[in-house]
Every structure is written in structure tokens, then in C-alpha cells.
Amino acid sequence: MKDFDVIVIGAGHAGCEAALASARLGCSTLMLATNLDTIAYLACNPSIGGTAKGQIVKEIDALGGEMAINADKSLLQMRMLNRGKGPAVFSPRAQVDKNAYHTNMKQTVENTPNLFVRQGEAVKLTRNADGSFSVTTAVELTYHCKAVVLCCGVYLNSRTLVGTCVRESGPNGFANAKFLTESLVQLGFDVKRFKTGTPARVRFSSLDLNKTQEQKGEEDARPFSFVTESIPATKRSCFLTYSTAETKRIILENKHLAPIYNGAINGVGPRYCPSIEDKVVRFSDKERHQIFLEPESEDTCEYYVQGASSSMPADVQELIYHSIEGLENVEIMRDAYAIEYDCIDATQLNASLMAKHMPGMFFAGQINGTSGYEEAGGQGIVAGINAERYVHGKTPFALTRDNSYIGVLIDDITTKENTEPYRMMTSRAEHRLILRQDNADLRLTEIGREIGLVDDARYNKYLHKKQQIALAEQQLKIVVSPKVYGPLFERNNEPVTGAGLTVDEMLRRTNIKWKDLTELGFFREIDADALDEVEIECKYRGYIEKEKEAIAQANKLEHKALPDDIDYMSIEGLRLEARQKLNKIRPTNLGQAGRILGVSPADIQILIVYLAQRKNCASKPI
Amino acid sequence: MNTTIVALSTPRGRSAISVVRMSGDSAIDIAKKFFSPFPTKPNLLKVGSLHTKYFDEQAMCVYFVAPHSYTGENTVEFHCHGGTAIAQAVIETCLDHGAVMAQNGEFSKRAFINGKQNLTNAEGIIEMIDAETASAVKAGANLLENKLGKRIVDLQDRLLDILSACETTLDYPEEDLELPTATTAKRSLQEISSELDELIATSTLGKYAKYGIDVAIVGKPNVGKSSLLNALLGTDRAIVSEIQGTTRDTLSESVNYRDIRFNFVDTAGLRDTNDEIEMEGVKRARRAADSADVVLHVTDDPNDRSVYPTVRPQVRIYNKSDLYDSEPCCVDSLVVSAKYGNVEIIKETLYEMFSAKDIESSDLLITNERHLSCLKRAKAQLEEAIENCDRTTFDIVSNSIKAVWQTLGEITGTTAQEDIIDRIYSKFCLGK
């Protein structure tokens, strides 16, 4: 078979979500990968989630994606970060088994109807006169499709660097893709070059664990996915250790050998993922740096050395690693390396991740200049959904800044040009109090259902949760006398007023949790996740309402659409920089226009007036 | 919810009446808090009392319900007596109840957004926005040049330090860094809070620098108030006669003393009278005193110890000193003879009293109402952030610090999300 509705090029975290979404929605879908052993390969750290990223994984899950389920299946340990800092930033993170993660995802894609999985390097992509696309692979087979999704990760023209040893290669020695960039340039895409890196993998048995602190997962951790019933206890531990003054000395002595400092690397590296040499040079007053040792898989004794990525020559890497506490005799199994790759300027895309000038062509993941498995997966599901909608002539689907981190992510990368790989952070989400990990299901399941990716089982479970919340909320109005709640309050250092309190008022107290109220006979029959939800909404009600007002205010501009045919260069009153930026990025609404760097509030006012004028002209007969 | 904006709609300065206009979702609710009786129906101009924190004042009020107003939003207008002081007090009262200062042309812009304006006005609006932009650009440039601007920029910068550190604790929970806790964040915020107070305090001086100092001359009939005004002005501006009640209406005139403007208001002599016109004059005199920055209480009796009843600061003036047999009884007063013109001491005293020296020499003054409104809002938000340090979790604390930073950014023009992230990475060593 050579004709498909959708072809997804790439089988990483973006590619898998895109292909699964497209196939599950009924499109015959081909997923092409340079090597089928790279399906959902965790090329860097063996973990899924973390701050802001954990929220994204839950959102993918609520929309009907696979990442959370696959992480639960492949779990080594689970932990909730930021406990104690507030629900807006609670962030789940899973350590996962790298091999299992790949195998489980591979099985899922293999068992998905409509989804064809094929090894092959895409070397040429062309758009045909009828708007369809043709993809030719290295073995000279050509496939045709109505929509194409590019999820090429870091494989385009990539090269890896270890000291002076530069190789034309993808991550971990996998073959790169040497020809596709040329097609992208011919199709009108601006290509830039980014860089990232990964640390060495070391042999577990060569670590001196006495010098490290063991970190297990949490005992009562909840699964990542809304539909996973339970997860196993910690299977493998992580270990914390530190670099030393010796590490610093070695790096400073050999600084001239690092490609990033001797000019061998052209790509722009992310500030949030610095190599150990970067850290030492840029923050020279810091005496030691944290190093986390993370298990790669149950099948292997390889451990990932988080905090020590490097592009130094291999012999210098050995010196550096041996200077880390507990790693004095460590055996390096795989070298740390830096990797450079081609990516596109994502401001050429709209919120559905389709190229503005090339209908039917979608992009997701690191090719868009982002970093991280979760960021890739979030874009992947959106691109896959939209590829299907494009093929079937439906309206595009877009997430928004007020309903999801994925919405924030896509808005950011399609609105602002990035000079480094984009990593999601909770600080980027202005409404993070609303975009919590606990309510991702409540925010997005309904949307996923409408799209068609949420199956009955998930949907019924979601309805059940809503029902449980409603039950709990009924109890909030019940008034309790001080005689009843007094002892509980005293024990928890909450002042007793002498007056009766409603359950709602009790739950609003800082030191009273829903679990405490079960002692008084409340909430006994209700599910824990529903009660978590009710408690957060109770304790933070004032702040949440304020946030909703802020959203309503912002939405006034978000809902003012900017027509496609505006010639910004001709609008009187706009400053030149604003004209150029607006013309290039062509925002879809005034809210997005306001977020473009170089467009001022005054420019937005001018646009408001312009729109009013335009509307007025249009309504008058000529 | 829409923010509610307020501004003076008539030209600033001397006029018979001034109109203060407020537009936005809460406009009517805000107005009801300090105007009574509030009109029972929309579109109806009703007389009532304005209750400001300085004085009560008769005025007229009309309200319009969305979308049937100029802006298409709920709108309230107050038609009050002329003069800057009254309008200023009404605006301040609106601000205290939650309105924010409107930007130039903002009423028209809102009218546009709400589809209430037609094409012919569009060019005018664009010009207005251009002007606003030009003045904002100029204000921005000035900000960096003057001390006030530098202090606001500095405060915002320090807030960004605190904010980015807080955000780092949230986004990088596992890093080995010295990051703020609620206790340390609170301490840093309190320092900023007291500096904001200092800045806000300069706004009164700023107002004097921009509009001058309003001085009401009051006293019984025939004590020489009009002569005093003439002497202060150095002209025969007011009619002077032996007849009690010569001055019927208030008369205001400005004079510059060492580059500071004093707006002197001569008033009718205070006495009980049945003359209807004179009664109105007395009423106006009292109103002028209540809205002035300072009252000159004039007497010609060296044994007079009376105090004029007002919350405003006052200075007693013993006039006609050339006729006194003995020294006046109160030493903390000024002794002058308007007839012989030795009135410079009054100007000198007023000048000292209002720290006018500071006005002249310092550029650390808030003269822009929008800036002041931002600073006050920032101050309120900062107080909330400080309270949050004790009562809630760190995610909310950080959010509330961000709100303060953004409000200051409305003055300095920098509120880009990227600034926070840039600061995080420039200050902290982060990442795997």
C-alpha cells in the first residue's frame, strides 16, 4: 500500500502521539521511522514528567493520548514534586524503564488499527499539484498522503560531538536523516540549528553508594494516567551525589577542549540544560553541583548521570566523572555527547501546528525548536488530531492558554521566535493556578471526547469523578457545631470560634484536610481524587476566582479575530517594527498579536481601531 | 469583568463646572458608595451629595446603563463645581473604591471596541493614540533620566529578583540553591513596601508642583481679605471698599513665588445674613476653604484667638497691623499690613510650609496621575503578597509578587514573561 490519509515522519514521542491520534480517529496512517528500534526511545533521561512537564503528560492523557499510560506501564518509581508549595505547582514525575517504555509503545502502535509502521528514512518530501504530498524513502519507495506530520526530533542533519570527535549521527549512534532538510527549505521553511546534550551512562556496580543519598519513589503515589488503576511500588532507586572542587579544577584546566568553548559547535544550546562545563564556567562561585544517578532500566545496570552532560573529549570525561563523589572508580559505559540538529522556525505554524503557507503540512516536537519528551508528545497529539481534521475537512482544533499547558506551549512557540530550545516551565503559564495536574482530566476530557479520542471507559470514569465531586460539594453546606469540630481543630492548631461552621468553612482552614473531616463522618464514601479536587477548590477559591476574572479580561482580546487578509504594512499608525512582525507572524487574534515581541500596547489599540473601521466599511454599500 | 476607568472630562483648570466621568462594569456600584441620594433612574441628572475623604460637596450625578452610553459600558458622570481641588478629590475617591485612572483617549477607545463610534471619528482616535504613544515614549525616556523613574525601575528590578527566585523554587524544586522561603520573601517585600510608601508620599508634592498650591483667604467681613489678595498679587485685582460684603463671589488668581504657583482665592466675608446673594457667597467661601490646600484665616483684631473650623491646615493672619496698639495675642501667627504691602512673609511662610524647596530642587516627584494610580495599586497588591506569605502556599505568594511586578511594569513598560525566565537563568545554575 502506498496511499495514506496521513504520513507521520518520525516515531519519537511526538510521532507516536500524532500517529496514534490520527489512526484512532480513523485516518489510514503511515508512521515512518529511520529505525524501528527508536520508537518512543528515551534518548536522554529515563524519566517522564517533572515541573510543568508532568502537567503536560496529564493533559495528553485527558485528551486520549498514550504517554501517561505508557509511563505507568513502564514505571520504576513515581514521585510528586513540589508537595508543600501549593497545588498550582504540584508536578508528578516518573522514573521509567527505558527499554520497557520503548517496547510498550511499540506494541501499542503495532496493535492500533489503521496504523502502518514502516522503517525507512524519508529523503524527499514534495507537494503535488492537487495539494497532496509524496514522501520518498532512501530505498526509493514513494508514498502518498493528504496530510503529512513532521516529527523528526533531533535527527535532521544531526551531528554528535565528543571533544574533537564529530560524527554525522543521530542520538545514541542511531543514523541521522541527511536529506529531508533540503525538501523543507524548498517548501519555504526557515531552518535554524539548535544544540543539546546528554551525560554518560555508567555501570551501577561501580558506584560507591555509601557516598550518595538514596531516593526512593513515594509510597502512596498515584498513577500518571487517569485510567490506570494502580502502580507498583518503587522498583529501582535514584541516588544523589555532588561534584567536587576537583571536578571544577579539571574542567577549568581543560576548558579549551570543549567544543562549545573552542568554536566547534555552532548550534544554540539551552540555558536550562547546561553541560557540566557550562555550569562550572558560568557559575564559578559555586563550589559543587548536584548529580542525580537515575536507573535506565531493569534489564541493564546502566545508570544515567543527571547533571553531568558534557561534550569534552572522552578521556577528560573520565577525569571529570571520577572526581564526582561516589564515582571515583566508575566505569563509563556510554560517553556523554553534545548533539546539533536542524529545526524550523515555528512561527511559520498556526495554533493547529499546520504551516501557514503550506496547508496539510504539520510539525510537532523538537523539529519545532522545543525540548523534552513531554513538550513533544503534547504537540504530537495536537498535530495528529489536526491532520485528521484536515483530511476530513473539519475545522482546526486549538488548545488555549487558559485551558492547558499545551495551549501555552503552542501559543508561545508559534508567536515568539525562540533563540534556544523551548522548555516548559510553570512560570510560563500565567494561569497556572487553573492549569493544575489534578484537574487536567476535568479541563480536557470533554474536549477529547468531542474530538473522538476519549473512549467510553475513560469517559465513564470521568463522569464518575464529576459525580463524586458533586456529592462531596453537597456536604460542604452542612453546619457543624463547635462541640463536634472543637477537638479536631485543637489537635490541628486551628482556633475554635465557638460558632457553628460549615464543612466548607472548615475545609478552608489551612490545617484541616479532607482526611481530617472523615473523622467527623464526612466524605467517607467519596473517592480520594474527587476530594483532593474539592479541597483545592475550597482552600484556593478566592485566588481561583481572581484568576478566572483575569482570564475573562484577557479573553476580550483573545476573542477579537484578526482576518487572514490584513495587509499590516499599510496600516496607518503602526510602528514599522510592529508592521513587519505582524506581517511575518500573522497572529489569529489580538491577544496573540499583543504577545509578539516588538508589538506594543499602543499598536494593539491601533489594530482595534483598524478593525472597527474595516467592519464599518464592509457594512456600508459602495 | 472590565476595569473601571475614571478621568476628568472637562479641561483642567478654572471653569464653572467640571465633569468627572467613570466607565466600566463597576462604575455604578462605585458611584453609589459615595454619592447620595443616587439617581433612581438612568439618564437622569440628579442633585445630591458627594462624600469625599476631604469634604462633602453638592454635585449632580447621572448614570447610563450599558450599552446605552458613550462607551457602551456602564457610565457615571459627576458634574461638580469648578476648580482642580474638587475634581481631584472626586477622582481620588473613585480610585480608592477600585477604579483606575483612564489613559488618554481610553473612553473613545472603549467606545470603539464596543461598536459605539463611527468611521468619521476613527482618525481622531488614531491621532489620540499616537499622541499617547509619543507621550508614553517620552515619559519612558524621562523615566530613565529622572530620579523618580530610576527609583521605580530599580524597585521593579528588585521585585524581579525576588520573583525570579521564587519562580525558581517552584520550577526547580530539586536544585541545591539558596532560594527564598515565605519568611525571607516577606522580609524582602517589606523593604520594597516602605519604599513604595515613600514614593507615594511624594505625590502630594507632585500635585503642588504641577497645579500649584490652593490658598483660600477667609475671615469676617471687612478684615481686609481683598486688600490682602491685591497685595499678594501686586495688582488691584479685587474691588476694595469700606462697605461690608463687597466681595460677593469667590475670586481666584494665581501668582508665582520662586517658581511655585500659589492659587489664592479671595472669598466673601463670613457672617450671618439674610441677603440671598451674600448667603450664597458665604457658602462658596466655606467650600473654597474646604477644598484648599491651606486656609489663610484673616482677622483685624489683635485679641482674636478664634480658629476657622476646617480640617485643612490654616495660618492666622493679623491684618492692618499699622492700626494696632499692642502686639497680637497669638505668637504663632503672621502680622501684616496689606495696605503697606509687607505681605512677602505670607508667601515665604506658605513656601516653607509646603516644602516648596523640595518641589523646586527635587525631581523625585510623582506628577502623573496614571503613575500614581499604578503605584497605589502596586502598593495594595504588595500588601496582599506580604499577607499571603503567612497564610497560603508558595505558588500563590509568587503569583501575587508577579502581580506587583506587572503593575510597576505599566509605568516602566516592561512586563514580558521572558524577563522572568531570563533572570532565572542568569542568576541560577540550573538543569540536568
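Every condition in (1) in a loop (DSSP other than H, G, I, E, B); (2) within 8 Å of the chain's Cα centre (by Cα) holds for residue A:397 except the one numbered (2). Of the residues making up region A:423-477, those that are in a helix (DSSP H, G or I), more than 14 Å from every other protein chain (Cβ to nearest Cβ) and among the β-branched types (Val, Ile, Thr) are A:445, A:447, A:451, A:469. The selection criterion, being in contact with a helix residue (DSSP H, G or I) (Cβ under 7 Å, 6 or more places away or on another chain), part of a helix (DSSP H, G or I), under 29 Å from residue B:393 (Cβ atoms) and charged (D, E, K, R), does not hold for residue A:72.
Within region B:1-52, the set of residues being in a loop (DSSP other than H, G, I, E, B), touching a residue at least 40 places away in the same chain (Cβ under 8 Å) and among the hydrophobic types (A, V, I, L, M, F, W, C) comprises just one member, B:16.
Looking only at region A:326-345, residues that are surrounded by 17 or more Cβ atoms within 10 Å (Cβ to Cβ) and over 29 Å from the mean Cα position of the chain (by Cα) come to 4 in all.
The test for being under 30 Å from residue A:28 (Cβ atoms) and within 16 Å of the chain's Cα centre (by Cα) holds for residue A:364.
Only one of the listed residues (A:94, A:129) is of a type in the set (A, V, I, L, M, F, W, C) and either part of a strand (DSSP E or B) or within 14 Å of another protein chain (Cβ to nearest Cβ) (or both). That residue is A:94. Screening B:74, B:43, B:121 for residues that are modelled with pLDDT under 80 and outside the structural domain of residue B:215 (by TED's automatic domain parsing) leaves exactly one candidate, B:121. Among the residues of region A:279-288, the one identified as within 15 Å of residue A:250 (Cβ to Cβ), surrounded by fewer than 22 Cβ atoms within 10 Å (Cβ to Cβ) and at the interface with another protein chain (Cβ under 9 Å from one of its Cβ atoms) is A:288. Are any residues in region A:244-271 surrounded by 19 or more Cβ atoms within 10 Å (Cβ to Cβ) and either modelled with pLDDT of 90 or more or small (Gly, Ala, Ser) (or both), and if so, which ones? Listed by number, the residues that qualify are A:247, A:248, A:250, A:251, A:254, A:258, A:267, A:269.
Of the strands (runs of 3 or more DSSP E) lying entirely inside region B:255-336, those containing at least 3 residues that are not aliphatic (A, V, I, L, M) are B:260-266, B:314-318.
Of the set (1) within 14 Å of another protein chain (Cβ to nearest Cβ); (2) within 18 Å of the chain's Cα centre (by Cα); (3) over 26 Å from residue A:110 (Cβ atoms), all apply to residue A:83 but (2). Take region B:90-106 and flag every residue that is part of a helix (DSSP H, G or I) and at pLDDT 85 or above. Selection gives B:90, B:91, B:92, B:93, B:94, B:95, B:96. Counting only strands (runs of 3 or more DSSP E) that fall entirely inside region A:295-386 and contain at least 3 residues that are over 14 Å from residue A:198 (Cα atoms) and touching a residue at least 12 places away in the same chain (Cβ under 8 Å), the qualifying elements are A:337-344, A:361-363. The single condition from (1) within 30 Å of the chain's Cα centre (by Cα); (2) assigned to a loop (DSSP other than H, G, I, E, B) that residue A:145 fails is (2). Among the residues of region A:242-251, is any assigned to a loop (DSSP other than H, G, I, E, B) and farther than 28 Å from residue A:48 by Cα? Yes, region A:242-251 contains at least one residue that is assigned to a loop (DSSP other than H, G, I, E, B) and farther than 28 Å from residue A:48 by Cα.
Determine, yes or no, whether residue B:9 is under 17 Å from the mean Cα position of the chain (by Cα), surrounded by fewer than 20 Cβ atoms within 10 Å (Cβ to Cβ) and not hydrophobic (A, V, I, L, M, F, W, C). When the stated conditions are applied, residue B:9 passes them. When you scan region A:411-419, do you find a residue that is β-branched (Val, Ile, Thr), within 14 Å of another protein chain (Cβ to nearest Cβ), out of contact with any helix residue (DSSP H, G or I) (no Cβ under 9 Å at 6 or more places or on another chain) and in contact (Cβ under 8 Å) with a residue 24 or more places away in the chain, even just one? Yes: one or more hits.
For the condition modelled with pLDDT of 95 or more and buried (at least 18 other Cβ atoms within 10 Å of the Cβ), residue A:444 qualifies.
Okay, residues lined up against (1) more than 14 Å from chain B (Cβ to nearest Cβ); (2) under 28 Å from residue A:73 (Cα atoms):
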{"residue": "A:273", "(1), (2)": "no, yes"}
{"residue": "A:277", "(1), (2)": "no, no"}
{"residue": "A:300", "(1), (2)": "yes, yes"}
{"residue": "A:310", "(1), (2)": "no, no"}
{"residue": "A:316", "(1), (2)": "yes, no"}
{"residue": "A:335", "(1), (2)": "yes, no"}
{"residue": "A:339", "(1), (2)": "yes, no"}
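Residue selection: residue B:163 satisfies the criterion of being part of a helix (DSSP H, G or I) and closer than 30 Å to residue A:51 by Cβ. Can we say residue B:73 is under 30 Å from residue A:545 (Cα atoms), within 14 Å of chain A (Cβ to nearest Cβ) and among the acidic types (Asp, Glu)? Answer is yes for this residue.
The values are calculated or read from the model by the stated rules, or taken from the named source; none is laboratory data. The shown structure was predicted, so the numbers you read here are calculated from the model rather than taken from an experiment. Cβ coordinates were reconstructed from backbone atoms using ideal geometry, including for glycine residues, and neighbour counts include every protein chain displayed.
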